[in-house]
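**Student:** Below you will find the structure I want to go over with you.
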């Protein structure tokens, strides 16, 4: 299969071409750029949903149940799961996948042809993670998936970058098992469009929901918005009802028991409502611009890094720095002046 | 205080000049580059120790006790604490600091003048975190601190970058409270020179130590090394004794009860032994080269980003991408060809 065949294959919903294209992009094979260039004009139609949460909260189960739900609603669902991919976690994550319904662990795919699953490793890929994931999302988008899930544990800047520019960001927690875990979620809470407290049959669920609600209510935008409301409306917001006020989205807080399917359909409704809201409010374009910006910068900086490696003898340069002969700022200036037009 | 006064102040151990220099560097004030250039030749003398571990394991307590211990051994100790710095965690981390002995929370400094503490926020600083932290370390180094601790929670690539290029990396855990937490440490385990299981009075400490030991023993280098040993020597390694075999460092596993000071002096011994080993084995130069490389690349890429922002109209460019008029790869090529000499 050459590049043209792959591109045409994607456009005609050929599953082998799809898998091939992703392999090209993941491994940066010659031709991968051409594929991405060729499909770009067909992208932008899918609803990209970021799912993030700490290991153990039940992300995979929720994703699997949401996939079933959206399939019932007639959508084709693509999934990109970003795994930390350490030798220490590989087993456990595979275990997670094994528990997903409809997932054939031997073949690493879903039985339903309306679902496509791909796992990507974030290991050692600080720089290029968002770009690579973005590329895979684009291929799925061009192929015609209506819904694309991007699942990450949300640790690490690369992962946060990916998920925060999804059209809809779903942050999943579970009833709190200690402050530490909540703390570690900190950076993630701020990017949520929708909260899920899974395993709602465990003790402490009310406490976690209350805590989340107070977090939501503390955010500056929400405080401003609430001040414009009547008491009755404020109560409706505070009760956690999905509610759009003064053109501002207040993240709803869902409780689910994913392995029994409880709360999944309501969550799917929320996700669709958020997409609708984003389209109307202009938020969608804004986020897609951010996504394009992160991707563009990663591509440019990656190319620049390659140029530097090609043109300069790093070992020699670093030796001079470590031996205190030159400072890194002077070295950086020298490299840039040799690399770029006028500073 | 102008730049010259600050630089001379650092060289003559003037505390105000030190604090000033750090403020310059942190806020990228005009003159900060000049300061860093001027002090570069005086750096490289301090032992940089990375301390990392999940929130709640007792990092701050261990750091505080190690600081006391190294002070007793006649060393001057500088501390750079990298905080996630989210509005959600600020309070909790301050709480941690409050519990450190010898720390004056009101003045945010240690009472002992042989100790200097500085907290840095990693918030929203994916790109420049390692460079900035490296700069602060250099200032402390040039000032004359013998030991410099860099403390991070080890989440996020920026933080991992910082800590993995410390001369000695200490990874702190506690008796396991669930697989999740151990899992989340995954990326961190591989960079440890020394392991600490703190809160060793809690249940499950043996299990955690055993688990860590099996992790250490599974690493490829160690497996190779062990195969060259007699059974008696192998037993000594497996028993967790600090042990250098075939010129390879096998990370020792310490247990501590930091708030009672148990195990701290042994940990300090290990840290000193590792430094000694690194100096003799050439590992020190290697890591400092890696540190210089990460710093250099961050400086260069930061400058390139600024150049791009100055020369191109991002809003327009991103609009074209999002509206499918141009793909990001083509745009990146255009930008680079306008920015750099020959591709």
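The values are calculated or read from the model by the stated rules, or taken from the named source; none is laboratory data. Note that this is a predicted model, so its numbers are computed, not measured. As a convention, Cβ positions derive from the backbone with ideal geometry for all residues, glycine included, and neighbour counts pool all protein chains shown.
**Student:** In the stretch A:41-49, is there at least one residue being within 14 Å of chain B (Cβ to nearest Cβ), in contact with a helix residue (DSSP H, G or I) (Cβ under 6 Å, 6 or more places away or on another chain) and over 20 Å from residue A:291 (Cβ atoms)?
**Tutor:** no
**Student:** Looking only at the stretch B:14-36, which residues are surrounded by 13 or more Cβ atoms within 10 Å (Cβ to Cβ) and in a loop (DSSP other than H, G, I, E, B)?
**Tutor:** Residues satisfying the conditions are B:14, B:28, B:29, B:31.
**Student:** Could we say that residue B:272 is within 21 Å of the chain's Cα centre (by Cα) and more than 30 Å from residue B:255 (Cβ to Cβ) here?
**Tutor:** No; evaluated as a whole, the condition is false for this residue.
**Student:** Only one of B:319, B:338, B:309 is more than 35 Å from the chain's Cα centre (by Cα) and either exposed (fewer than 13 other Cβ atoms within 10 Å of the Cβ) or in a loop (DSSP other than H, G, I, E, B) (or both); which?
**Tutor:** After applying the criteria, what remains is B:338.
**Student:** Which number in (1) at pLDDT below 80; (2) more than 15 Å from the chain's Cα centre (by Cα) marks the one condition that residue A:213 misses?
**Tutor:** Condition not satisfied by residue A:213: (1).
**Student:** Check whether at least one residue in the stretch A:65-84 is buried (at least 23 other Cβ atoms within 10 Å of the Cβ), modelled with pLDDT of 95 or more, within 14 Å of another protein chain (Cβ to nearest Cβ) and within 20 Å of residue A:143 (Cβ to Cβ), and report yes or no.
**Tutor:** No: zero hits.
**Student:** In this structure, is residue B:107 outside any helix (DSSP H, G or I), modelled with pLDDT under 60 and not assigned by TED's automatic domain parsing to the domain that holds residue B:17?
**Tutor:** When the stated conditions are applied, residue B:107 passes them.
**Student:** Provide a single number: the residues in the stretch B:315-343 that are facing chain A (nearest Cβ under 7 Å), farther than 19 Å from residue A:42 by Cα and modelled with pLDDT of 85 or more.
**Tutor:** 4
**Student:** In the stretch A:280-288, is there at least one residue being outside any helix (DSSP H, G or I), within 33 Å of the chain's Cα centre (by Cα) and more than 7 Å from chain B (Cβ to nearest Cβ)?
**Tutor:** yes
**Student:** Moving to a separate point now. Pick from the stretch B:160-189 the residues that are within 9 Å of chain A (Cβ to nearest Cβ) and within 30 Å of residue B:43 (Cβ to Cβ): which of them is modelled with the highest pLDDT?
**Tutor:** Within the stretch B:160-189, the match that is modelled with the highest pLDDT is B:161.
**Student:** Could you identify the single residue in B:299, B:304, B:271, B:257 that is at pLDDT 90 or above and out of contact with any strand residue (DSSP E or B) (no Cβ under 6 Å at 6 or more places or on another chain)?
**Tutor:** Residue meeting the stated conditions: B:257.
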